[in-house]
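The values are calculated or read from the model by the stated rules, or taken from the named source; none is laboratory data. The structure displayed is predicted, hence computed values, not measured ones. Glycine also receives a Cβ, built like all others from the backbone with ideal geometry; neighbour counts cover every protein chain displayed.
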Amino acid sequence: MTAQPPPVLPVLPAADRERLRDMARRVRDLAHAPANLERRGAWIALREGRPSRPMVLAEDGGVRDRRPPFAHEPRCGGEEARALERQLAHRLWWPSGIGDDSVETPFLDMAWRVDLGHYGAHAVTRHGDNAGHLGAYAWEPPVTDLRAQLDTLQPCRMSVDRGGTLARRAWLDEAVGDILPTRLRGLPFWTLGLTMETIFLIGLEPLMLLMHDDPGSLHRLLEFQCAQWERRLDWLEAEGLLGHNNENDYVGSGSRGWLPPGGGSDGQAPRWGDLWALSESQETVGVGPAFFAEFIFPYQRRLTARFGWLYYGCCEPVHARWETLRKFPNLKAVSVAPWADEEFMAGACAGAGVTYSRKPNPTLVSTARFDEDAIRADVARTVRLAARAGAGLEIVMKDVHTLHEEPGRLRRWVELARGECGC
């Protein structure tokens with residue numbers, strides 16, 4: 001295949017360039033502010049097992065009614081410039097608009113444009129009329145007879161758009177690179193959990209029923225998927241497409257990747273042992289511990305073993321399968337969802353030396369009544385249990401899709417959480 005020439009990105013008009021450069025200077029100033037450096041140090045202390053205080057995070061990416069207070073209408077012309085302007089404006093707004101323990105960095109980070117391929121079978125999805133918002137959907141799995149169709153699945157074919165990636169980086173460097181240098185960071189996937197991919201192939205109920213009715217075929221499918229993911233990981237490494245994720249990078253399920261300095265530099269492609277991975281299995285919440293240990297965990301462990309640090313879990317309650325999860329050799333943080341046994345997990349995390357990553361119930365900020373006393377009590381209980389057990393603690397308000405038309409609620413939740421954390 002003939003390589004495509006890199007795209008030619010538009011030249012910035014002088015006024016747009018100066019606007020972006022002014023915003024970049026202000027972002028750089030935020031990165032060097034004493035409060036920001038304190039947050040960075042607190043994250044590193046948490047990861048080193050000597051936490052100085054609980055860390056508090058909030059997400060607004062899925063909030064459909066978040067504006068105002070963040071309401072920035074780009075003034076630059078051209079989509080490339082407008083996208084950069086939106087990014088810089090959001091970074092400038094965040095410390096006052098949300099005020100959590102996110103850490104600003106004096107860089108512009110971007111990822112390689114990568115396509116990790118597919119298995120040649122695609123689910124047909126049907127979405128409800130949600131007026132453009134997130135909502136329920138159903139899908140028709142393409143594999144309806146696993147034993148008969150398993151051999152029709154195709155090895156994934158990966159590709160990278162080097163020209164487009166490097167053209168974008170060159171454009172950013174020319175615009176603001178002397179103020180906020182660009183870096184290629186992160187990984188082109190979110191999870192190594194496998195089960196989300198599986199249910200889109202065969203369906204949720206079949207996944208659970210096959211554990212009993214046809215375990216051999218299910219193992220063959222999971223082995224095939226695991227092998228394809230190993231091919232993907234090997235290809236990413238061989239192509240030099242791994243990016244560090246050990247700073248303010250989004251890792252796991254809402255956490256940040258801060259680690260002590262070391263493990264290579266941005267000028268060199270990192271090793272797998274320098275990187276965080278996420279694994280989870282939200283789709284098997286209805287599966288018992290024995291079936292999880294037999295069908296899911298071996299493949300997760302195989303994929304995540306090459307990484308330096310593992311964040312496990314998202315929305316599933318992990319206490320029922322803890323005896324299996326604690327066998328991950330590189331486990332560094334565990335998601336404690338709203339329906340997990342919080343007291344048990346505080347002790348379990350402390351005993352294993354991993355971060356207790358608490359996810360409060362988002363209904364605390366999403367429903368009609370914004371009950372500040374309930375928020376304080378919720379956070380206070382988490383802080384008390386973690387402190388009593390001796391577990392390092394981060395509290396992450398995520399999966400928020402509405403603030404009931406009161407966008408200031410997220411900022412207020414952070415203030416209340418900080419108050420109960422004593423920070």
Fill in: residue 161 vs. criteria in contact with a strand residue (DSSP E or B) (Cβ under 8 Å, 6 or more places away or on another chain) and within 30 Å of residue 77 (Cα to Cα)
yes
Worksheet item: So which residues in the range 94-139 are basic (Lys, Arg) and at pLDDT 95 or above?
Response: 113
Worksheet item: Which residues, counting only those in the range 143-161, are surrounded by 15 or more Cβ atoms within 10 Å (Cβ to Cβ), in a helix (DSSP H, G or I) and in contact (Cβ under 8 Å) with a residue 40 or more places away in the chain?
Response: 146, 150
Worksheet entry | Unmet criterion (only one of (1) closer than 27 Å to residue 313 by Cα; (2) at pLDDT below 95) for residue 216 | (2)
Worksheet item: Within the range 317-325, is even one residue out of contact with any Gly (no Cβ under 8 Å at 6 or more places or on another chain), hydrophobic (A, V, I, L, M, F, W, C) and under 24 Å from residue 270 (Cβ atoms)?
Response: no
Practice prompt. Consider residue 91 carefully, then state whether it is modelled with pLDDT of 95 or more, out of contact with any strand residue (DSSP E or B) (no Cβ under 9 Å at 6 or more places or on another chain) and among the charged types (D, E, K, R).
Written response: yes
Practice prompt. With respect to residue 253, determine if the residue is part of a loop (DSSP other than H, G, I, E, B) and not β-branched (Val, Ile, Thr).
Written response: yes
Item to complete: Would you list the strands (runs of 3 or more DSSP E) that sit entirely within the range 267-380 and hold 3 or more residues that are at pLDDT 95 or above and among the aromatic types (Phe, Trp, Tyr)?
Response: 309-312
Worksheet item: With respect to residue 49, is the statement that it is part of a loop (DSSP other than H, G, I, E, B) and at pLDDT 90 or above true?
Response: yes
